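A.B. asks: Got a structure for you, written out below as structure tokens; questions coming shortly.
The values are calculated or read from the model by the stated rules, or taken from the named source; none is laboratory data. Keep in mind that what you see is a predicted model, and the values were worked out from it rather than measured. Cβ placement follows ideal geometry from the backbone for every residue including glycine, while neighbour counts extend to all protein chains displayed. Only protein heavy atoms, including side chains, enter the accessible area calculation; ligands, DNA and RNA are left aside. Shrake-Rupley method; radii C 1.70, N 1.55, O 1.52, S 1.80 Å.
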Amino acid sequence: MNLLEAAKQFSPQAPFIFTSTNKVYGDTPNRLPLRELAKRWEIEPGHEYEPGISETMSIDSSKHSLFGVSKAAADLLVQEYGRYFEMPTVVFRGGCLTGPGHAGTELQGFLSYLMICAVSGRPYRVLGYKGKQVRDNIHSFDLVEAFVQFIRAPRIGEVYNIGGSRQCNCSILEAIDLCEEISGRKLSWRYEGINRVGDHIWWISDVRKFQNHYPEWKLRYGLREILEEIHSAVANRAADL
């Protein structure tokens, strides 16, 4: 609110970018019809969200984490200032945002933390959903490139889901396999059947709205490239882990 009000008063034409989260949708994604495959959950073929979850999904009538609620409040304020005052504001609802500089922890930044555990020998916990929960992952470079595209051609009060989409996504089990392959080490992990409250079973972002508005933007990084960069960064600071 303070930043939006300052922008309105002193620089109302400056593009205003807010990095939101897919957690604004609460646990609504968990109501989607999902199939259990060998190493992942997957949405039923032919469903409208098969290419990924779009901005049409409701943020209401769901259980949000307190983190998700705080983001949703800011998310709506950014939209409202844009539309009410005709300011160039945008909300990017991110999936998993990552990259080689990501300081992952157990509950945030799972690719980074997974690779840290693989390299250091630290044990890893898989929380619920049989380890088959799916996330899309977007490299920080690709995310910032999306910001740049908006800054060059801003729009009023826009909202975009942004993430790795169908190009870059994985389940926990699939990520474990890839981390072991890239690091050359066996990961020590155990399974706990209780999932985090409000955690998504399956999330893949539909980025087609943003791509339609900004056709020059393309995802440059795939999952293996992201994990190879993370592995290189983690291996270089292995002594500090």
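A.B. asks: Working only within region 202-241, note down all residues that are of a type in the set (Phe, Trp, Tyr) and under 17 Å from the mean Cα position of the chain (by Cα).
C.D. replies: Listed by number, the residues that qualify are Trp202, Trp203, Phe210, Tyr221.
A.B. asks: Within region 39-51, which residues are open to solvent by 60 Å² or more (accessible area, probe 1.4 Å) and in contact with a Leu (Cβ under 6 Å, 6 or more places away or on another chain)?
C.D. replies: Within region 39-51, just Lys39 meets the criteria.
A.B. asks: Kindly list the number of the only condition in (1) assigned to a helix (DSSP H, G or I); (2) closer than 30 Å to Glu86 by Cα that fails for Ile138.
C.D. replies: Result: Ile138 passes all but (1).
A.B. asks: Which strands (runs of 3 or more DSSP E) sit wholly inside region 8-85 and have at least 3 residues that are touching a residue at least 60 places away in the same chain (Cβ under 8 Å) and under 18 Å from Phe150 (Cβ atoms)?
C.D. replies: 16-21
A.B. asks: Residues being of a type outside the set (Ser, Thr, Tyr) and within 16 Å of the chain's Cα centre (by Cα): count how many of those fall in region 115-153.
C.D. replies: Here the count works out to 14.
A.B. asks: Continuing with this model, one more query. I'm trying to understand the selection: among the residues of region 110-133, which are under 19 Å from Val197 (Cβ atoms) and open to solvent by 20 Å² or more (accessible area, probe 1.4 Å)?
C.D. replies: If the condition is that a residue be under 19 Å from Val197 (Cβ atoms) and open to solvent by 20 Å² or more (accessible area, probe 1.4 Å), then Phe110, Arg125, Leu127, Tyr129, Lys130, Lys132 are the ones that fit.
A.B. asks: Looking at (1) exposed (fewer than 14 other Cβ atoms within 10 Å of the Cβ); (2) among the small types (Gly, Ala, Ser); (3) over 30 Å from Glu5 (Cβ atoms), which is the one condition that is false for Ser54?
C.D. replies: Against the list (1) exposed (fewer than 14 other Cβ atoms within 10 Å of the Cβ); (2) among the small types (Gly, Ala, Ser); (3) over 30 Å from Glu5 (Cβ atoms), Ser54 comes up short only on (1).
A.B. asks: Residue check, Arg166 against (1) in a loop (DSSP other than H, G, I, E, B); (2) basic (Lys, Arg); (3) under 20 Å from Leu97 (Cβ atoms), all met but one. Which one?
C.D. replies: (1)
A.B. asks: Can you report the number of residues in region 86-108 which are crowded, with 20+ Cβ neighbours inside 10 Å and part of a loop (DSSP other than H, G, I, E, B)?
C.D. replies: 5
A.B. asks: Right, here's the next one. With respect to Glu225, determine if the residue is in contact with a Pro (Cβ under 7 Å, 6 or more places away or on another chain) and either among the small types (Gly, Ala, Ser) or assigned to a helix (DSSP H, G or I) (or both).
C.D. replies: Spelling it out, it is not the case that Glu225 is in contact with a Pro (Cβ under 7 Å, 6 or more places away or on another chain) and either among the small types (Gly, Ala, Ser) or assigned to a helix (DSSP H, G or I) (or both).
A.B. asks: If you check Tyr191, Tyr221, Tyr214, which single one turns out to be modelled with pLDDT of 95 or more and closer than 30 Å to Lys63 by Cα?
C.D. replies: Within the list Tyr191, Tyr221, Tyr214, the selection yields Tyr191.
A.B. asks: OK, next. Out of the residues in region 138-173 meeting the condition of being open to solvent by 40 Å² or more (accessible area, probe 1.4 Å) and among the polar types (S, T, N, Q), tell me which one is nearest to Leu34 (Cα to Cα).
C.D. replies: The selected residue is Gln167.
A.B. asks: Taking the residues in region 218-232 that are in contact (Cβ under 8 Å) with a residue 24 or more places away in the chain and surrounded by fewer than 19 Cβ atoms within 10 Å (Cβ to Cβ) as candidates, determine which candidate is nearest to Ile182 (Cα to Cα).
C.D. replies: Glu228
A.B. asks: Another question about this same structure. What number of residues within region 174-212 are open to solvent by less than 50 Å² (accessible area, probe 1.4 Å) and either touching a His at 6+ places or on another chain (Cβ under 8 Å) or over 19 Å from Asn137 (Cα atoms) (or both)?
C.D. replies: Going through region 174-212 one residue at a time, the tally reaches 5.
A.B. asks: Criterion first (under 24 Å from Ala175 (Cα atoms) and either open to solvent by less than 80 Å² (accessible area, probe 1.4 Å) or in contact (Cβ under 8 Å) with a residue 60 or more places away in the chain (or both)) does Glu5 satisfy it?
C.D. replies: Against the criterion (under 24 Å from Ala175 (Cα atoms) and either open to solvent by less than 80 Å² (accessible area, probe 1.4 Å) or in contact (Cβ under 8 Å) with a residue 60 or more places away in the chain (or both)), Glu5 does not qualify.
A.B. asks: Let me ask you something else. Can you work out which of the residues in region 8-38 that are among the β-branched types (Val, Ile, Thr), open to solvent by less than 40 Å² (accessible area, probe 1.4 Å) and touching a strand residue (DSSP E or B) at 6+ places or on another chain (Cβ under 8 Å) is nearest to Pro154 (Cα to Cα)?
C.D. replies: Per the criteria, the residue is Thr21.
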